[in-house]
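Please read the structure below before turning to the comments.
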Amino acid sequence: MKRSLIVITIILSLVSSAFSQTEAFITVDGEVKTPLKLSMADVRKLAPAEVKTKDRDGNEHIYSGTLLATVLASAGVTLGKDLRGENLVKYVVVKAIDGYEVLYSLAEVDPELSSSIVLLAIQVDGNPLPKGNGPFRLVAPNDKRPARWIREINSIKVVFSKN
Ligand SMILES: Nc1nc2c(c(=O)[nH]1)N[C@H]1C(S)=C(S)[C@@H](COP(=O)(O)O)O[C@H]1N2
Ligand SMILES: [Mo]
């Protein structure tokens, strides 16, 4: 190969790597039947759900994505009729890339048990979540303060408190 061709090839690969975003994933593990590593495309394949809620700006927004329970069910977590007995002491720890973490009891995220909604949001008002909030965020409109609306999620772990 001519030297000029080599130089052009190197420049092109540097430019393309500078523009390519590293893809975000959420790992789902712990007390699950099947540990998962979910991409945006994987989350989009799950049953869609949305909530209309006020956020801190005081305005109503429509968040869409899928229920956190749907993600957990796809990993084979004990939900629905299986959420009974000692499974009632399981909880879900959700972590973000900045180290922030929040906890929900498994019971409060199960729509068959609780009337609270905990949504894994990927869009707001039809657009991807803004940088710094997404690509994945929880939206929990039943909480009075959005402290558990964790942004930039990268891990979900189910834990059994009897361990
Ligand atoms: N990853 C991450 N998520 C987070 C936080 C954080 O520090 N890191 N702060 C929480 C708190 S305390 C609040 S009140 C809301 C604020 O959400 P907002 O930035 O959309 O207003 O985000 C929550 N989610
Ligand atoms: Mo907060």
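General remarks:
- All positions within the range 101-127 that are over 16 Å from Glu50 (Cβ atoms) and open to solvent by 70 Å² or more (accessible area, probe 1.4 Å): Glu101, Leu103, Glu112, Leu113, Ser115
- Taken residue by residue, the range 128-136 has at least one member that is at pLDDT below 95, open to solvent by less than 30 Å² (accessible area, probe 1.4 Å) and more than 16 Å from ligand 2 (Cβ to nearest atom).
- Looking across the range 138-157, the residues that are closer than 20 Å to Val77 by Cβ and of a type in the set (D, E, K, R) come down to Arg148, Lys157.
- Cβ separations smaller than 7 Å between residues 6+ apart or across chains give the following pairs from the range 46-65 residues that are closer than 16 Å to Pro135 by Cα to residues that are in a loop (DSSP other than H, G, I, E, B) and at pLDDT 95 or above: Ile62/Asp125; Ser64/Pro48.
- Number of positions in the range 8-63 that are modelled with pLDDT under 85, open to solvent by 70 Å² or more (accessible area, probe 1.4 Å) and within 16 Å of ligand 1 (Cβ to nearest atom): 2
- Of the candidates Arg145, Arg84, Arg151, the single residue that is open to solvent by 40 Å² or more (accessible area, probe 1.4 Å), near ligand 1 (Cβ under 9 Å from one of its atoms) and without any contact (Cβ under 8 Å) to a residue 40 or more places away in the chain is Arg145.
- Residues being more than 12 Å from Leu120 (Cβ to Cβ) and within 14 Å of ligand 2 (Cβ to nearest atom) - total across the range 137-150: 6
The values are calculated or read from the model by the stated rules, or taken from the named source; none is laboratory data. Since this is a predicted model, take the numbers as computed values, not measurements. Cβ atoms come from the backbone with ideal geometry, glycine included; neighbour counts cover every protein chain shown. Ligands, DNA and RNA are stripped out before the accessible areas are found, and what is left, the full protein with its side chains, is counted by its heavy atoms. Shrake-Rupley method; radii C 1.70, N 1.55, O 1.52, S 1.80 Å.
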